[in-house]
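Single-structure report; data block below.
The values are calculated or read from the model by the stated rules, or taken from the named source; none is laboratory data. Please read all numbers here as calculations on a predicted model, not as lab measurements. When we count neighbours, we look across all protein chains shown, and the Cβ atoms used for this are built from the backbone with ideal geometry, even at glycine. The area values use the complete protein model at the heavy-atom level, side chains included, leaving out ligands, DNA and RNA. Shrake-Rupley method; radii C 1.70, N 1.55, O 1.52, S 1.80 Å.
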Number of protein chains: 2
Amino acid sequence: MTVEVEVTIKLKRGVTDPEGENTKKALNLLGFNNVHSVKSMKTFRIAIEDAEEEGSDVKYEVEEMCKKLLANPVIHDYKISVVK
Amino acid sequence: MTVEVEVTIKLKRGVTDPEGENTKKALNLLGFNNVHSVKSMKTFRIAIEDAEEEGSDVKYEVEEMCKKLLANPVIHDYKISVVK
């Protein structure tokens, strides 16, 4: 059974987000003056073959992926959600 | 009233996603052999001052932002959701 998992990786509170800040500036310059802040995030949608047919195992595995490759624990927080 | 809107920008079906493909390869090399596919997406969380206190107006405005700056209509699809 294939399970689809969405991993959202965002910067920790206090870490500068130049992409978000510059997007905000650009939006303001384009006339969207009511934009207060923009935060940028990265999302990966991962399709995994799940032999066990148990959601919790997949979540644990994706957490390992985040720790080993997808996220940098110094600056990133991540959220894992099983889509289907 | 400040409204938070999340914009998810992903590549259209058929558009090559090198970041996703390489992430998949790297995960397989790390031993996660049950990963079938990885798709990369970009998310912006935008805080907007909403004078009208109507959700629909904000959504329309964020759609304009997508058209003018955030997304490239040739290769991107986007999804707008009001968070709070």
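Compute the label-point distances linking A:L29 to its equivalents in the other copies; points lie 7 Å from Cα along Cα→Cβ; give nm, one decimal, shortest first.
3.7
Using only Cα atoms, find the angle between the long axis of helix A:18-29 and the longest principal axis of chain A, and express it within 0 to 90 degrees, rounded to the nearest 10.
So the helix axis and the longest Cα principal axis differ by about 40 degrees.
Beyond a 26 Å Cα-Cα separation, which of these cross-linked pairs lie in this structure: A:K68/B:K12; A:K39/B:K67; A:K25/B:K24?
Too far apart for the 26 Å limit: A:K68/B:K12; A:K25/B:K24.
With all protein chains present, calculate the accessible area of A:H36 using a 1.4 Å probe and round the result to the nearest 10 Å².
Rounded to the nearest 10, that gives 90 Å².
Starting from the Cα gyration tensor of chain B, multiply each eigenvalue by 5, take the square root, and state the resulting semi-axes largest first in whole Å.
After scaling each eigenvalue by five and taking roots: 33, 15, 8 Å.
Just to compare against my own numbers: the Cα pair-distance distribution for the protein assembly as shown, 10 Å bins, whole % per bin, please.
For the protein assembly as shown, the pair-distance distribution reads 10, 34, 33, 18, 5, 0.
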